[in-house]
Amino acid sequence: MASLQLLPLCFLLVTTQGSSEFPNFTCVEDVTAALGKTINLTCENNKAMLNATVKFCHNETSCPKESDLNSISNKYITDNGRISLMVINQSVILSVHKVKISDQRHYKFFLEAVNGDDHNKIIYLKVVAPYSEPQIKIQKDTVVCTASGGHPQRQLYWFGDHGTNLTHNSKLVSLKNEDGSFSLISTLQRHSLDSGTICCSILNNNTNCDNPQGSALVRVGNETTTKKVPQDAEKKILIPVFIIVILAAICAATFFHCRKKKGAIRNTCLQRLFLSEEMI
C-alpha cells in the first residue's frame, strides 16, 4: 500500500526532471525605443548559451545572407560601435546605443545552447521621436501649420471653436528628412473658416486644444467679410475722385479756351489801332 502511494510522487519527479531537459528559449517581444536612448533586445534559455548570431533585416522575409554580428567569428560589435552582442551564461543581449531612426527594423536571432539545442527568433524594433511644437502662420488666403523632426509619420489635426474638427478641410504634405524623420505641412483655406479661434495639434484627442503641449492657437477672421469691406470702401473713394478729375479737366480746357480767345480779340484791336495811326 505504501509503495502505491509513492508511485505518483516518483512519476512527478521523473516528469519534472525530464521537462527541464527540453529547451526553453524566451525572447522579448516587439520593442519600442526612443530616439537617442539605449535599448536592449534580450533572449534567455534554461541552459547556458553557446553561440548567437544576429542579422539586420528590412522585414521578416528579407534578411542578408551573412550575419551582421556573430559570436562564432568573434564579431561582437558593428563597425560604427553603436550595436553590440553579448553572450552571458543563459542570456544573449543585443544592445543598441544612441538609437537612430535607421535602427528601426527586424533583428533575426539564431541561438545555440551548450546541449546543442537551437532556436530562431525575430524581434522588431520600433523607433519613436517627438515632433517639434506646431507653428501656425496666417497667409493671404491660407492658414499653415508646420511640425518637424518626428517619427513615425503623423497627422496634423485642426479644430475650431467648441472642438469642431476641421481636419477634413485641410491638405497635408509630409516630407521625409535625411535622418528618416518627417516634416509635416498642413494647410487650411481661409474662406472655409468662420471667425474665431482655431487650433493645430499633433494629438487627435486634443479637440479643445486645452493641452498647450503639442498644439498651437491662432485667431482668424472671416475671409469673405474681410475682402468685401475694403472693396466697398474702395468703390466709395474712387467714384468721387473720378468725378473731381473730370471736372478739373473741363475747367482747365475752358480756361485755356477763353484765354486763347481773349488773346485773339486783343490782337485784332491792336492791329486796328496801328492802321488808324498810319492813316493819320
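The values are calculated or read from the model by the stated rules, or taken from the named source; none is laboratory data. Computed from a predicted structure; not experimentally measured. All Cβ positions, glycine included, derive from the backbone under ideal geometry; neighbour counts span all protein chains shown.
Below is a table of values for the structure above.
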read-out	value
Some residue of the stretch 97-113 being surrounded by 19 or more Cβ atoms within 10 Å (Cβ to Cβ), among the acidic types (Asp, Glu), within 13 Å of Phe25 (Cα to Cα) and not assigned by TED's automatic domain parsing to the domain that holds Leu217	yes
When residues of the stretch 183-225 are limited to those that are surrounded by 13 or more Cβ atoms within 10 Å (Cβ to Cβ) and part of a helix (DSSP H, G or I), the one modelled with the lowest pLDDT	Glu223
Exclusive hit being surrounded by 19 or more Cβ atoms within 10 Å (Cβ to Cβ), closer than 25 Å to Gly36 by Cα and free of Cβ contacts under 8 Å to residues at least 24 places away in the same chain, set Ile83, Ile77	Ile83
Looking only at the stretch 40-54, and only at residues there that are within 42 Å of the chain's Cα centre (by Cα) and surrounded by 20 or more Cβ atoms within 10 Å (Cβ to Cβ), the one that is farthest from His119 (Cα to Cα)	Leu41
Qualifying residues in the stretch 126-162 (those that are within 18 Å of Gly214 (Cβ to Cβ) and over 17 Å from the mean Cα position of the chain (by Cα)) - the one surrounded by the most Cβ atoms within 10 Å (Cβ to Cβ)	Phe159
Filter result for the condition that a residue is at positive phi and not assigned by TED's automatic domain parsing to the domain that holds Gly36, over His168, His162, His191	His162
Residue list for the stretch 55-73, filter: touching a residue at least 24 places away in the same chain (Cβ under 8 Å) and surrounded by 17 or more Cβ atoms within 10 Å (Cβ to Cβ)	Lys55, Phe56, Cys57, Cys63, Ser67, Leu69
Wholly enclosed strands (runs of 3 or more DSSP E) of the stretch 79-157 bearing at least 1 residues among the polar types (S, T, N, Q)	83-88, 91-96, 118-128, 135-138, 142-150
